[in-house]
Each structure stands twice: as structure tokens, then as C-alpha cells.
1. Express in whole angstrom the spacing between the alpha-carbon centres of region 228-288 and region 20-34.
2. Need one word for the chain: rounded, prolate or oblate. Basis is the Cα gyration tensor (sqrt eigenvalues a ≥ b ≥ c); a/c below 1.5 gives rounded, then a/b vs b/c decides.
3. Sum up the charges of everything whose Cβ sits under 14 Å from the Cβ of residue 64, counting Lys and Arg as +1 and Asp and Glu as -1, but leave residue 64 out.
4. Search the structure for amide H atoms under 5 Å from the amide H of residue 168, placed 1.01 Å from N in the peptide plane, and list their residues when 5 or more places away or on another chain.
5. I want to check the label-to-label distance for residue 270 and residue 355. Put each point 7 Å from Cα in the C-beta direction and report it in nm to one decimal.
6. Convert each backbone phi in region 199-212 into a coupling constant with the Karplus relation 6.51 cos²θ - 1.76 cosθ + 1.60 (shift: θ = phi - 60°), then list the ³J(HN,Hα) values in order as whole Hz, x for Gly and Pro.
7. Tell me, what is the per residue accessible area of region 213-335 in Å², probe radius 1.4 Å?
8. Excluding ligands, DNA and RNA, what is the solvent-accessible area per residue of region 36-105 at a probe of 1.4 Å, expressed in Å²?
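The values are calculated or read from the model by the stated rules, or taken from the named source; none is laboratory data. The shown structure was predicted, so the numbers you read here are calculated from the model rather than taken from an experiment. Glycine also receives a Cβ, built like all others from the backbone with ideal geometry; neighbour counts cover every protein chain displayed. To get the accessible areas, we keep the full protein, side chains included, count just its heavy atoms, and leave off ligands, DNA and RNA. Shrake-Rupley method; radii C 1.70, N 1.55, O 1.52, S 1.80 Å.
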Amino acid sequence: MSDKTSNQMWGGRFAAGPDAIMEAINASIGYDQRMAAQDIAGSRAHAAMLAAQGIISDSDAEAIRKGLLTVLSEIEGGTFEFSTALEDIHMNVEARLKEIIGEPAGRLHTGRSRNDQVATDFRLWVRDQLDAAESGLLALIKELLSQAEAGADWVMPGFTHLQTAQPVTWGHHMMAYVEMFGRDLSRVRDARARMNESPLGAAALAGTGFPIDRHMTAEALGFDRPMANSLDAVSARDFALEFLSVASISAMHLSRFAEELVIWSSAQFRFVTLSDRFSTGSSIMPQKKNPDAAELIRAKIGRIFGANVALMMVMKGLPLAYSKDMQEDKEQVFDAADNWMLALAAMEGMVKDMTGNKPSLEAAASSGFSTATDLADWLVRETGLPFRDAHHVTGALVAMAERQGCDLPDLSLEDMQGVNGAITEGIFDVLTVQKSVASRMSYGGTAPEQVRAQVKRWREVLA
Ligand code: ARG
């Protein structure tokens, strides 16, 4: 298919073909063939516009349309032979089109360049990924809502510094992730709205003298409008960087949750049982059930951050407009997108299947003097002590319980009164974890009633 001595796309200017190493460093077809469908959609829109504007004949446009459909079916059917000599998906498609339909294929590239072509293909590809991420996030959020609803009143320890802090509810913890993934969802939607403009027709960099209609191609490809500056259109990659930043933040959320699942599923915590479907065994230790999916989510996330940094580095020194450096944008984004989608799906599966271990959660909730703040608050409310002093008294009571080797509710009233004479029987009302969480009724607090209200609100938002 390729002519080694003079490239069929620009052979006129060249006497010799490229060195093998040149071909290897130059070619992107090994990966940009993933944009074949987008490339063909872009070409179809362009050809239809050229005909509508009288730039090519209707019969040429029809031949191009049919030919492109044949190329697409060859690619989808796996019979298409990709050629490294033809560098990239754009030239592979055009060369094959020429083989199929002959001369009209040569008119397709009128008023267009690979620079606006690749920018268009890549935007369409990234847009599809944003749509896939939206679905993945929505599915994950729905599973978290189910978990939150089922365990709206299960008590568990809340941590700061990974030290027991105050009791919270399982539902509240699940809803914290709903908020995070909900913001990811809104970032995905913002990014999509901002990137949905068409570079097509910017041509190489300066626009074209042909009377093209960029609004027509933009509309055909589902873009909101054509990009307003042709230099910007071919050289902008901030849409890809925004995709990677949004992906990175969401990946960071996935990784934090994955880390919690690793900790929670350990024998020391036993907060959660992951399903067999999302665990693996050990080849040597028969008792083991490992949270591999969570660990791999935690690890894969680094590739997404890496892609973000790598593309920033590619772009930061480039003068306007197109530079070949920009060809290095795709592999990073492809890999990040694949791993983000996989991580979202794996997390959704794990959350759907996991079982919170209510008795273990409850037992852990009352250990570590988790109701100490409730005790201090009671002293403020019932005895009028300033909070700082109440904090001090409570500290003394915690130290006493520690010495006696018991929990706060197990201290005797006499012992407590020895520390502060104003303490009465009523204090025992706030020392249980159930009472503690039920009292946290401030908006956004951990009380089961608040959690249920937030589940309801999210269901309405998503409906
Ligand atoms: N394969 C190229 C890329 O991905 C397409 C654009 C080539 N443009 C050029 N002027 N050489 O960036």
C-alpha cells in the first residue's frame, strides 16, 4: 500500500523515503487507530459540507460517504491492514479510501489539514470518555446510596489521624463518598460543556480560502459551535488536560476509598466483607482472601496522575500552532481513560457486593473512648462549665477509664463525681454510641435522620 521512495501524501517534495527509525518515531498508527470511528465521522461531516457548499460535486461526496463506510466496516471487522508507513489513522483511512473509490478520495482533504482533523477526532474521543465516566460515576453513586440507606443507623468509629475520634454512622460514611463522586460528576459535566466546540475547518492553522461552513460540520458532529480562533483550534489541548485533571481528582477519590476498603476488610478491622467476586485467594495461604481489586484501584490511579503531568510537560513549551510533540497526547489520555473506567467499574462492583459487618462496626465504635466529646458537651450543657474546662474534666475521666481498663460508660458515678462534683446520673444518657450519633442532628451531621434526608435529596437530584 505504501510507496517507500515517495510518500503518497507529500511525495512531490521528497526524493527519498524515511529511515526506518524515522518511521518508528514518527508513526502513531499503533495507538491512534483507536480514533478510527471518530476520524471517519469527521471525514463524513467534512465531505457532506464540501458538497453542500459546492466545493466538491455531490457524486464525489456520495462516493466518499460510501467508501468511508466500507473503510469503517473493514476496521470494525478487523480486516483493515494498518500501515506504519502511512503514519497515522488519518492517512491510513484516506489511503484505503483511495484504493476503494479512486480519484474522489483525493478531494476529501480540501479545506482541511491533519491538524484540525486530529484535534477534531481527539475531542470526539475524549467527549465519549466523559460520557462513559458520567455513567460510571452515576452507577457508583447509586450503589453507595443503597449502602447508605441500608446502614443509615449502623454505628461505626469515625476517625481523624486514623485514631478513633467520634462515632459516626455507616450511612454517613457512604454519603461522604457520594458527595465526592457527585462533585466528580459535576466536574465531568463542566468539562464536557467547555470542550464541546469544533476545531474542524481551522485547517492547518490559519483557516482556509474555500467557502466552507464550519457551523454545519460542528452541528453534524454534535458540537455546540465551531471554535472561534483557528490557531487555538489546532493547538489547544487543554480539553485533554482538563479530562486528565478531572480524572485525576476522581481517581484520587477512588483511591482513598480503595484504601479504606483494604483496611476495613483486614482481620484486625473486620468492618466489611468483600464478595468472592471481587477478591482473590493466596496460592500458599489457604485462609486468605485478598482485596486485590481495591489494591489495584489504589495503584492504577498513579498512572492517571502520571498522564496528567506528562501531557502538561508536553504542552508547556510549545509555541503556536501545531507541533508534532502534540502527537504524544494520545497514549497518555487513552491509558488514563482505560484505567479510570476500569477503576470506576471495579469500585461499583465492590460496593454493590460488599457487606458491612454491623456487629464489628458497633463494637469498634464504642472502643477508644469515642463518646468523650459527648461527655464534654454534656458538662457544658448540664453544668454550665466552659468548653475548655469541660475538655479538661473529660480528659481526666478518660485517663481514669484507661487506668481501670474500662470504657467511659463503665465508670461508676462516684468515681466520676470524684473528678467533678456536678456530674449526675444523666451523664450515662450520652455515653452510648447510639445516643451520640442520634444527637448529631446539625445539618450534614451523622445522625441517621440526617443521613436519610441526604439519601433522599440525592435520589431526587439524580432522578
Ligand atoms: N498524527 C498526528 C498527530 O497525532 C496528526 C497531525 C499531523 N500533523 C502534521 N502537521 N504533521 O498529531
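1. 30
2. prolate
3. 0
4. Result for residue 168 returns 156, 158.
5. Label at residue 270, label at residue 355, 1.3 nm between them.
6. For region 199-212, the Karplus-derived couplings read x, 4, x, 5, 6, 5, 5, 10, x, 9, x, 5, x, 6 Hz, x marking Gly and Pro.
7. Details: 6090 Å² over 123 residues.
Per-residue accessible area for region 213-335 comes out at 49 Å².
8. So region 36-105 comes to 40 Å² accessible per residue, rounded to a whole number.
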